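The values are calculated or read from the model by the stated rules, or taken from the named source; none is laboratory data. Since the structure is predicted, the reported quantities are computational estimates derived from the model, not experimental observations. We place every Cβ from the backbone using ideal geometry, glycine too, and count neighbours over all the protein chains shown.
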Amino acid sequence: MDPVVRLMERVRARDVAAFESLYDSYHRLVFGISLRMLGDPMVAEDVTQTVFMKIWTSPDAFRGGSFVAWVSRVARNRALDVLRSRGARPETELPADLPLDGALDDEILERLDAERVRDALSMLPAEQRAPIEMGFFGGVTHQEIARRTDTPLGTVKTRIRAGLRTLRNRLAEGVPQ
Amino acid sequence: MTDPGSREEMLELVALYALGVLPRDQAALVASFIANDDGARDEYRALRASADALAFSADEPVDSARSVRMKERLLARVSAEAAAGNGAIARRRISTNSGWLLGTGLAAAAALIFSLVTVIQDVSLRSDLAQAQRRTASLTTQLADTERVGQHDRQMVTDLVAPDARRYEVAQGAVVVRGDRVYLALSKLPALPKGKVYQAWTLPKGATAVQPSITFPPNAEGIAVVALPADATKLGAVALSVEPDGGSKAPTTRPIFVRPLS
């Protein structure tokens, strides 16, 4: 069994040591996402606390699949809530909180690390990388991305799709099919 | 949505949905497309993995003092809760889950809460109690509505793209069932004559006559995604017809489809 899944089972049984292990493994990621999106270390700290308290109080919310993808989505959702509360931001809809049922995708996610993703991102043309990062970490809609970058809406759509496809192919390299 | 150009456009929207940059109104429509198109589901899975992977790029070392401080705060709370016993934890878990579900409506809800506070302050400043009470009641209703809409939207999108959702295809799209919830995810509805609406009908298991369900218009592209107010586990079939605005008690036109849920 996946070690993280085993840890989550122990968290469900109210095992504080298991929770501490999860914190040690994933707090950098959660804090990093929050900081990148919010730009304020103190607020990012609060979001990190909220995310880990959710893990503790609602461990059943994790329904399998990639834990790292799930905890990232939880962090991003909480950071988006903070962004929305700061002002009139259009409400974007994050994809449904579901485990991906493709083993390959989970395999890719479990083998990733920050350096590999940053390398793959850095190889994307800037005009593809910028709208993807703006959308993911900025919590804005594609219309807002088009407005901010002064780019036609259709071009933004095409670049985001092409960039995500390229990224996926680069990240899948080396993962057994 | 069947011509190649339109399909490519929809697949671009699938990428935007996977990245989480679609406005909520469009997200539900794209979820419907994904629910009804095998290629779109493959595209979504692939691009969703890319989008999920982006989070890793934010994984940076955390200042050790901050890391220790956060951990101490967390463990103090968690240890206290663990010591407080399962009963208290269970109660808190229910409370926390409820709050979490309100995520998508949070900004609007926060704005309404702010308005409520403003009204309460208004009372003390102006002593205009009756007026303030009316405004408070109105805002409270709006707040409750906002919360319901947020939960409903999130649930619908989740259900429509869920791998375990059952899809009963019809010429215009699909009837989607997940658990006790049932949706119409339709994308090829002809424009309606003036004064007409589409009306859904439900046939309970073992019944011989359909029951009236909701009426709805499609959008300009002929797309409609609606949740039917019925317990899917008790339904034998779902139908759709064109009816006069306001709906009918029994179908007055030939059904566009009658779809058994089996």
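Just a few scattered comments:
- Matching residues in the stretch B:187-205 - criterion: being closer than 26 Å to B:Ala31 by Cα and in a loop (DSSP other than H, G, I, E, B): B:Ser187, B:Lys188, B:Leu189, B:Pro190, B:Ala191, B:Leu192
- Residue count for the stretch A:138-150, restricted to those that are assigned to a helix (DSSP H, G or I), surrounded by fewer than 22 Cβ atoms within 10 Å (Cβ to Cβ) and either facing another protein chain (nearest Cβ under 8 Å) or touching a helix residue (DSSP H, G or I) at 6+ places or on another chain (Cβ under 6 Å) (or both): 2.
- So B:Pro217, is it surrounded by fewer than 19 Cβ atoms within 10 Å (Cβ to Cβ), at pLDDT below 90 and under 20 Å from the mean Cα position of the chain (by Cα): yes
Let's see how each residue does on (1) in a helix (DSSP H, G or I); (2) in the same structural domain as A:Phe136 (by TED's automatic domain parsing); (3) touching a residue at least 24 places away in the same chain (Cβ under 8 Å):
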| site | (1), (2), (3) |
| --- | --- |
| A:Tyr23 | yes, no, yes |
| A:Ile33 | yes, no, yes |
| A:Arg36 | yes, no, yes |
| A:Met42 | yes, no, no |
| A:Asp46 | yes, no, no |
| A:Gln49 | yes, no, no |
| A:Met53 | yes, no, no |
| A:Arg63 | no, no, yes |
| A:Val68 | yes, no, yes |
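- Some residue of the stretch A:110-117 being among the aliphatic types (A, V, I, L, M), in contact with a strand residue (DSSP E or B) (Cβ under 8 Å, 6 or more places away or on another chain) and at pLDDT 85 or above: no
Residues checked against (1) touching a residue at least 40 places away in the same chain (Cβ under 8 Å); (2) under 15 Å from B:Ala174 (Cα atoms); (3) in a loop (DSSP other than H, G, I, E, B):
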site	(1), (2), (3)
B:Ala207	no, no, yes
B:Ser213	no, no, no
B:Ala220	no, no, yes
B:Ala237	no, yes, no
B:Leu240	yes, yes, no
B:Gly246	yes, no, yes
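- Where A:Ala17 falls short, out of the listed (1) more than 9 Å from chain B (Cβ to nearest Cβ); (2) closer than 28 Å to A:Glu115 by Cα; (3) free of Cβ contacts under 8 Å to residues at least 40 places away in the same chain: (2)
- In the stretch A:20-46, the residues that are under 30 Å from A:Gly135 (Cβ atoms), within 11 Å of another protein chain (Cβ to nearest Cβ) and of a type in the set (D, E, K, R): A:Arg28, A:Arg36, A:Glu45, A:Asp46
- Any chance B:Glu243 is under 25 Å from B:Ala28 (Cβ atoms) and loosely packed, with under 15 Cβ neighbours inside 10 Å: no
- Test: residue in the stretch A:59-67 that is crowded, with 20+ Cβ neighbours inside 10 Å and at pLDDT 90 or above: yes
- Screening B:Pro61 against (1) within 7 Å of chain A (Cβ to nearest Cβ); (2) under 19 Å from A:Ile33 (Cα atoms); (3) assigned to a helix (DSSP H, G or I) leaves a single unmet condition, (3).
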